Amino acid sequence: MTVAVRFAPSPTGLLHVGNVRLALVNWLFARKAGGSFLLRLDDTDEERSKPEYAEGIERDLTWLGLTWDRFARESDRYGRYDEVAEALKASGRLYPCYETPEELNLKRASLVSQGRPPIYDRAALRLTESDRARLEAEGRKAHWRFKLEHTPVEWTDLVRGPVHFEGTALSDPVLIREDGRPLYTLTSVVDDGDLAITHVIRGEDHVANTAVQIQIFQAIGALVPEFAHLPLLTDAAGAGLSKRLGSLSVASLREEEGIEPMALASLLAKLGTSDPIEPRLTLDELVAEFDIAKIARGTPKFDPEELARLNARILHLLPFERVAGELAALGLVGADAAFWEAVRPNLGRIADARDWWAVTHAPVTPVVEDPGFLADAAALLPDEPWDLATWGAWTGAVKGKTGRKGKDLFLPLRRALTGRDHGPELKNLLPLIGRERALKRLAGETA
Ligand code: GLU
């Protein structure tokens, strides 16, 4: 059996950390097993699906490096859903119902007030031919429900272990709306069957759907896949993420927070698993470490601060080749490996490199408190060429001449050379600043 998984977002909004985590877990599962990863757009909700969201999903997955082997779009497959629906009608598993939403609400409210579960009473199954003709003459259109078997539904979930539902505790789901449009509960099963999906890995908000969908797989004669339902992420306080989805969209993490793809992947691959969260520079490392059995049932917490810290740790490790394009995109033309290695330990996000570029390549107003000391230091500045040893040699000479050491020696030099109290190691910065600028800054000139 070749493993085949799918990520099936509805293009009705931006991808956020919660759903992109499911994409990542599916992708890692496929890669680990040497299987295939399908991107399927669940776009049958035509009012809410938008091309720009579909494009956004593709952009976000590509940015993270989650390439797909196959692609499908549900709106291309209406003919196939009709065919399956007709077959289910013919076998009596799909039956027409005529209740209006108001009538259904009343039924539901009445059951709930009696302390009973809001399960559809199958009144429509008792309609005669002439009842239906009368309702249709009134202008009512049928929606269609799937007739569940009232037998237990069981599966061994790869995350939750054995799961058991009583068929009698489930409500016959509506699969076809009254305008004839098929609903997700059906379309997803038809696609998973036709595209030979072997493992459905999704959020635990779909557990009850699975009970129903297993019966639909059986009714349409498709192979029932294995299932894994992951606990949904919450925020650091344990509340659902939904309220903050805007700020937690992949697009805003990338564009506003300056998060690196591998920072997000390193965190999301490990959240809620027994593995420690460590910076990883390639998806291959995450594939090697992945095992769905490591995903625990407890609720994982997503903390943006943790992501920001991981982002910094990743930047401190990334080699120049991996960031050259981004540095160029920031307008730092000529930024090279020496610049990158000098500044990366001080970055929380890559755009912060602009500040240090300004210190090494643009005029800085020095902070000068003791011009005499700086003049002594300037007189001792070695001739170029400079390298990483220049700073040590120079400050050693300044120390010998002035008797200063520690902070008294280094801080005035840092303030004059960079205009700031903190920053990357001067050993690395000094050769980037260069002798001409350094002399002017030590003399108190903006240079
Ligand atoms: N479009 C569904 C969702 O986004 C897919 C669920 C599934 O994986 O089956 O919730």
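The values are calculated or read from the model by the stated rules, or taken from the named source; none is laboratory data. Everything numeric here is computed off the predicted structure, so don't read it as measured data. Positions of Cβ are generated from backbone atoms using ideal geometry, with glycine treated the same way; all protein chains shown enter the neighbour counts.
So, Thr2, is that one within 25 Å of Ser266 (Cα to Cα) and more than 11 Å from the ligand (Cβ to nearest atom) or not?
Working: within 25 Å of Ser266 (Cα to Cα): no; more than 11 Å from the ligand (Cβ to nearest atom): yes.
Taking the combined requirement at face value, the residue does not satisfy it.
The set of residues in the range 184-208 that are within 11 Å of the ligand (Cβ to nearest atom) and either under 16 Å from Val153 (Cβ atoms) or part of a helix (DSSP H, G or I) (or both) comprises Tyr184, Thr185, Thr187, Ser188, Val189, Asp191, Asp192, Val200, Asp205, His206.
Looking at Lys399, Lys407, which is the one that is charged (D, E, K, R) and surrounded by 15 or more Cβ atoms within 10 Å (Cβ to Cβ)? Talk me through it step by step, then tell me what you get.
Details: Lys407 fails: surrounded by 15 or more Cβ atoms within 10 Å (Cβ to Cβ).
Selected residue: Lys399, the only one of Lys399, Lys407 that is charged (D, E, K, R) and surrounded by 15 or more Cβ atoms within 10 Å (Cβ to Cβ).
Exactly one residue out of Thr128, Thr62 is closer than 22 Å to Ala8 by Cα, free of Cβ contacts under 8 Å to residues at least 12 places away in the same chain and of a type in the set (Val, Ile, Thr): that is Thr62.
With the condition kept exactly as written, say whether any residue in the range 305-322 is within 18 Å of Gly203 (Cα to Cα) and of a type outside the set (Lys, Arg). Walk me through how you get there before you give the answer.
Residues of the range 305-322 within 18 Å of Gly203 (Cα to Cα): none.
Within the range 305-322 (the criterion being within 18 Å of Gly203 (Cα to Cα) and of a type outside the set (Lys, Arg)), the answer is no, since none of the residues qualifies.
Mind checking whether some residue in the range 242-256 is in a helix (DSSP H, G or I) and among the β-branched types (Val, Ile, Thr)? There is at least one residue in the range 242-256 that is in a helix (DSSP H, G or I) and among the β-branched types (Val, Ile, Thr).
In the range 199-214, the residues that are under 15 Å from Pro225 (Cβ atoms) form Cβ pairs under 8 Å with partners that are more than 7 Å from the ligand (Cβ to nearest atom) and of a type in the set (S, T, N, Q), at six or more places apart or across chains, as follows: Val200/Thr210; Ile201/Asn26; Asn209/Thr185; Val212/Thr185; Gln213/Thr185.
Let's see how each residue does on (1) more than 26 Å from Glu46 (Cα to Cα); (2) surrounded by fewer than 16 Cβ atoms within 10 Å (Cβ to Cβ):
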| residue | (1), (2) |
| --- | --- |
| Ser110 | yes, yes |
| Gly139 | no, yes |
| Trp144 | no, no |
| Leu170 | yes, no |
| Leu175 | no, no |
| Tyr184 | no, no |
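From the list Ser49, Ser75, the lone residue that is part of a loop (DSSP other than H, G, I, E, B) and either touching a residue at least 24 places away in the same chain (Cβ under 8 Å) or away from the ligand (no atom under 14 Å from the Cβ) (or both) is Ser49. Note on the range 49-71: among residues that are over 20 Å from Asp284 (Cα atoms) and among the acidic types (Asp, Glu), the one that is nearest to the chain's Cα centre (by Cα) is Glu58.
Of the candidates Trp394, Trp340, the single residue that is farther than 30 Å from Ala308 by Cα and aromatic (Phe, Trp, Tyr) is Trp394.
One line per residue, one yes/no per condition, for (1) more than 24 Å from Gly348 (Cα to Cα); (2) among the hydroxyl-bearing types (Ser, Thr, Tyr); (3) part of a helix (DSSP H, G or I):
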{"residue": "Phe227", "(1), (2), (3)": "yes, no, no"}
{"residue": "Pro276", "(1), (2), (3)": "no, no, no"}
{"residue": "Arg280", "(1), (2), (3)": "no, no, no"}
{"residue": "Ile314", "(1), (2), (3)": "no, no, yes"}
{"residue": "Leu327", "(1), (2), (3)": "no, no, yes"}
{"residue": "Val333", "(1), (2), (3)": "no, no, no"}
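Inspect the range 147-168 for any residue being part of a helix (DSSP H, G or I), over 24 Å from Arg21 (Cα atoms), touching a strand residue (DSSP E or B) at 6+ places or on another chain (Cβ under 8 Å) and more than 14 Å from the ligand (Cβ to nearest atom) and give the result as yes or no. The answer is yes, given that some residue of the range 147-168 is part of a helix (DSSP H, G or I), over 24 Å from Arg21 (Cα atoms), touching a strand residue (DSSP E or B) at 6+ places or on another chain (Cβ under 8 Å) and more than 14 Å from the ligand (Cβ to nearest atom). Consider the range 11-46 and keep the residues that are surrounded by fewer than 19 Cβ atoms within 10 Å (Cβ to Cβ) and within 11 Å of the ligand (Cβ to nearest atom). The one that is farthest from the chain's Cα centre (by Cα) is Asp45. Of Arg414, Arg420, all but one fail to be free of Cβ contacts under 8 Å to residues at least 24 places away in the same chain and either assigned to a loop (DSSP other than H, G, I, E, B) or closer than 13 Å to Val368 by Cβ (or both); the exception is Arg414. A Cβ distance below 7 Å, combined with a sequence gap of six or more or placement on separate chains, defines the contacts here; from the range 317-335, residues that are β-branched (Val, Ile, Thr) reach residues that are modelled with pLDDT of 95 or more in the pairs Val323/Trp340; Val323/Ile350.
Out of all the residues in the range 175-183, is one or more within 12 Å of the ligand (Cβ to nearest atom) and under 29 Å from Gly240 (Cβ atoms)? Within the range 175-183, one or more residues are within 12 Å of the ligand (Cβ to nearest atom) and under 29 Å from Gly240 (Cβ atoms).
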